[in-house]
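Heads up, the thing below is written out as structure tokens.
The values are calculated or read from the model by the stated rules, or taken from the named source; none is laboratory data. It should be emphasised that the depicted structure is a prediction, and the values quoted were computed from it without experimental measurement. Here the Cβ is made from the backbone with ideal geometry for all residues, glycine too, and neighbour counts use every protein chain on show. Side chains are part of the model used for accessible areas, which takes the heavy atoms of the whole protein and leaves out ligands, DNA and RNA. Shrake-Rupley method; radii C 1.70, N 1.55, O 1.52, S 1.80 Å.
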Amino acid sequence: MCRQLRASRWLVIFVLLLHLASPLYVHALTIGEERKIGEQLLYSVRKEFPVLDDPDISQYINTLGRKALAVVGPLNFDYRFFVVKSKQFNAFAAPGGLVFFYSGLIEKMGNEDQLVSVLAHEIGHVVSRHIAQQMEKGTKVSILSLLTGIAGIALGVPGLSEGLLVGSLAAGQATNLHYSRENEEQADRLSFGWMQQMHRDPSALEDMLKTMRRITRYSMGSEVPQYLLTHPNPEARYGYVQSLLELQRQRGTTPQYVKTDNFEFLRFKYRVLVQSMDLDTLRTYCATAAASATEKEQQVMGRYGLALIEGEDHNYEEALRQLAAVQDQYPQREILEIDRAVLLMDSGRYEEARRILEQAVRRDPNDIYGVYQLGKVALMGGDASRAEQLLQRVATAMPEYPQVYFDLGQLEANSGRDGVSGFYLGKYNLYRGKMQFAKQYLTRASKDTKVPEKMRTEAKAIIEKLKQLEKGT
């Protein structure tokens with residue numbers, strides 16, 4: 001039943017793609033075409049799945065991405081990294097430098113090096129332009145068909161879940177879009193080398209492939225995870241990475257890797273899982289880690305997960321108690337003070353939260369997580385001027401974060417400026433993937449003379465951009 005519903009949703013997306021994509025045929029994608037397809041695909045992903053782009057989650061995954069990109073060399077794209085709420089065991093590198101991690105994959109990861117190994121692998125596909133290479137094999141393929149195939153892979157759509165890229169619809173031609181064994185070996189080799197340059201242990205790549213191999217064997221005769229369809233042969237890849245590690249040992253060149261501190265990763269992981277898993281299931285998961293994990297770090301951060309769950313259940317005193325136990329073990333981790341302030345704010349203790357957040361933002365004005373939470377507490381406390389100042393800083397740093405525009409819209413509505421509120425609600429819907437609502441709000445804002453001219457101009461520019469996307473130009 002679930003897959004039938006997903007299939008019907010795909011029909012809606014497919015009709016949209018018919019309007020979004022160019023009818024031109026290509027044999028090899030240009031850099032510009034890759035960027036366009038990536039932009040269009042991002043809208044499709046936002047329509048299908050919630051993107052977990054809260055400031056702390058987005059800040060972590062993009063900071064990690066930038067650390068990897070620092071050793072990659074010259075880049076053709078502005079890379080962006082996203083976490084998608086989905087049980088799928090999947091990660092996907094889209095044209096244009098967009099990399100998506102699904103929460104179902106993050107759930108299976110045990111440490112930050114494993115996340116980096118997958119992240120670097122996906123960057124390897126983009127850098128090597130493996131999707132563009134598919135167009136160099138002589139099959140006449142339309143950008144429409146390419147976008148359809150990529151969306152099928154990214155969204156796990158029935159009928160496209162085997163990674164087939166439909167070619168010319170009229171001619172009935174097709175080519176495989178899933179990565180070849182050579183593609184996978186190249187991406188693994190690049191990931192292996194980049195991890196060494198980052199002074200991270202590339203055996204984490206071996207660990208992830210071991211997990212993938214186990215899932216493949218477990219999935220025999222049942223639904224195979226999307227990642228294992230588009231990134232095939234985990235058995236062969238596992239053997240290949242093992243050979244790289246063995247060659248390194250034989251040469252006597254195994255370096256001393258820096259032991260990774262997994263505090264930030266585990267904090268990120270639990271913040272993702274609390275938004276994507278059933279809380280009762282997650283509670284058992286966290287309680288087990290807190291009681292019996294082999295590493296103390298895992299035990300302590302299991303209690304962090306429990307603090308988040310109690311907060312979600314509005315058991316704020318218990319949440320604060322669990323968080324205090326984590327802070328006892330990590331007294332220098334100032335981000336935990338922001339987490340404490342959030343719990344205080346959610347429990348209605350705004351003044352206590354404000355004092356903590358003011359100190360946090362003074363310590364690190366570039367921590368957008370802290371800036372955003374201080375903006376929220378100012379909004380809830382009725383300090384409209386301070387709230388607007390802080391929320392605008394967040395919008396500048398994270399221009400595609402939907403929630404900040406909702407908050408700005410609420411702020412303007414409270415002040416009786418409905419036209420400006422509508423402008424922000426238009427942007428909120430735009431980045432939530434709700435194009436029709438976005439156009440409705442932005443069209444009204446563009447014609448409202450009470451809305452500042454700069455905003456009206458921006459509204460018109462966004463509307464024009466949406467029209468171009470619809471025409472595929």
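Remarks
- In plain terms, the chain from Val71 to Lys259 could stretch by 65.8 nm, reckoned as 0.36 nm per residue minus the Cα-Cα distance.
- Charge tally around Lys450: other residues with Cβ under 13 Å, Lys/Arg +1 each, Asp/Glu -1 each, net 0.
- Fully extended contour minus Cα-Cα distance, from Arg181 to Ala236, at 0.36 nm per residue: 19.0 nm
- Here is the size of the range 270-345 from its Cα atoms: Rg then Dmax, 11.5, 34 Å.
- Entries of Lys47/Lys450; Lys67/Lys259; Lys87/Lys259; Lys439/Lys467; Lys67/Lys376; Lys439/Lys465 with Cα pairs more than 21 Å apart: Lys47/Lys450; Lys87/Lys259; Lys67/Lys376
- Packing rank of 186-196, 407-417, where each peptide gets the mean count of other beta carbons within 10 Å, highest leading: 186-196, 407-417
- Estimated FRET transfer efficiency (Arg362, Gln299; beta-carbon r; R0 30 Å; 0.05): 0.40
- By accessible area with a 1.4 Å probe, ligands and nucleic acids excluded, highest first: order of Met380, Met455: Met380, Met455
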